[in-house]
Structures are given as structure tokens and as C-alpha cells.
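So the structure is just underneath, and the comments pick up after that.
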Amino acid sequence: FQAACRFARELLLQLAPAFVEIAAVAFHRDVNAHNILIDRAQEQVPQYGLVDFGLAVDVTCWQRDDDAAAAGANRPSRVGQDGACTWHHLDVGGDCRYWPVSAWVQFLFGWTELEAHPPWRFEYRAQLDLHSLGLTALQVLVEMLPPLDAVPMRGEQEGVPGLAAAMLALQRRWVQYWSAVAPLHARLMDTFHHGGDWDTLKTECRDAAVDGAVAELLQ
């Protein structure tokens, strides 16, 4: 338990301030466990590093109101095949297992739906990386814990009756979440790699109310 907490804590302590600095220039848009390296030499405090800025966008271009204005800014940024470079029209990036609800809404319904819901709009325009970092830290914590279903609950004697139960509930919730989003990730990757029909995929996800299901699991 102590090791799981230490690794998750260090991840946030080291990378959260880095994201604050990076956000003045760019958004990474693909923060996940595969893009964070760890160095644990000689059992010292783990050292984390962020890699793969292939989907990063210039924050000034990303947050502008239209693509024409962003293109005229003359700043380097990721540009879609149709010339899009603002949050409205640029493809949703990254691993969907680490998306916030706003990214699912953007993917399934488009930017007008985000405009109609200011909290989602703010999250998508400014907090994608922080959300993904938080989920990654949660993943580190939960997956480093032993299977708590098999651990005797001795909290009453040790003075922490609620902690063991809370961690068990968190572990179970993470399993539910990951079991729900992993198949979605597989479908998105299959569509991407094999030139599948995105419209069909989005329609099926909308019919299944994927955005609502993800929102409930993230509560």
C-alpha cells in the first residue's frame, strides 16, 4: 500500500508542475501510462518523464475561435488534413481510455455540443492533460495495490475502519471503468488502422450512450 501511494504521489508531484509550465505553450493531448517513462535506479524515489509530443498542439492556435485566425497566428501547431488547428475541428487525439467526458462528447457530437455546455468546453479546451495525468496516477495507485478482495480487513483494530473499504471500492470501480473503456479503445484503434467507417462507429457509440456511461463511471 505504501509503495502504491508513493509511486502515485511522486507522479503527481513531479509532472503536475511540469504541465503547468508546458500549458503556457502547448497541450500534449496524449498523456497516458505508455507515454510516461520511469527510472527507479537503486530503489530511490521514482523519477518520471513525459515523452511523445506527436499529438501536441500550440495552445494559442488550439484555443482560438476559428481556424482562419489560428492559421494567421504564424505559430507552429498540429494541423489536420483539412487545415483545422483549433479545438473545434482538429481530431480528438490520444488514448480514449484516458479521455475526459468532454473528449467523448467532442468525438461523438462535435464542438457545438461543447459550446452548449461551458464546463465541458472549458475542460476540453484547457484541462485534457490534467485529466489524463490524474487518471494515470489513479491507475498507478490502483494497479500497484494487492487484490484487496483477498486481503483480510483489519481496519477496525488498526483505527482506520474506512480506509480499507474505501480502497477496495476504488479498486473495484477502476476495474469497472477499465473494463468499459478498453473495448472502446480496441474498436477505435481497429477503425484507425484498417480504414474503418468512423461514422458507423460514432453512431453505435451514440446509440449505446457511451459518453453517459463514461461520465457515470468517472464520478
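What follows is calculated from the coordinates using simple rules that are stated; it is not laboratory data. As the structure is a computational prediction, the values presented were derived from the model and not from experiment.
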For segment 202-213, 3J(HN,Hα) per residue [Karplus equation, 6.51 cos²θ - 1.76 cosθ + 1.60, θ = phi - 60°, Hz, x = Gly/Pro]: 5, 4, 5, 5, 5, 4, 8, 6, 4, 4, x, 5
Whole-Hz couplings from phi, Karplus 6.51/-1.76/1.60, listed for segment 181-196; x for Gly and Pro: 8, 4, x, 5, 4, 4, 5, 5, 5, 5, 5, 5, 6, 10, x, x
Kirkwood Rh (inverse of mean 1/r, distinct Cα pairs), segment 162-219, angstrom: 13.0 Å
Whole-Hz ³J(HN,Hα) from phi, Karplus 6.51 cos²θ - 1.76 cosθ + 1.60, for segment 119-132, glycine and proline x: x, 5, 4, 5, 4, 5, 6, 9, 10, 4, 5, 5, 4, 5
For residue 26, distant residues with modelled amide H under 5 Å away: 59
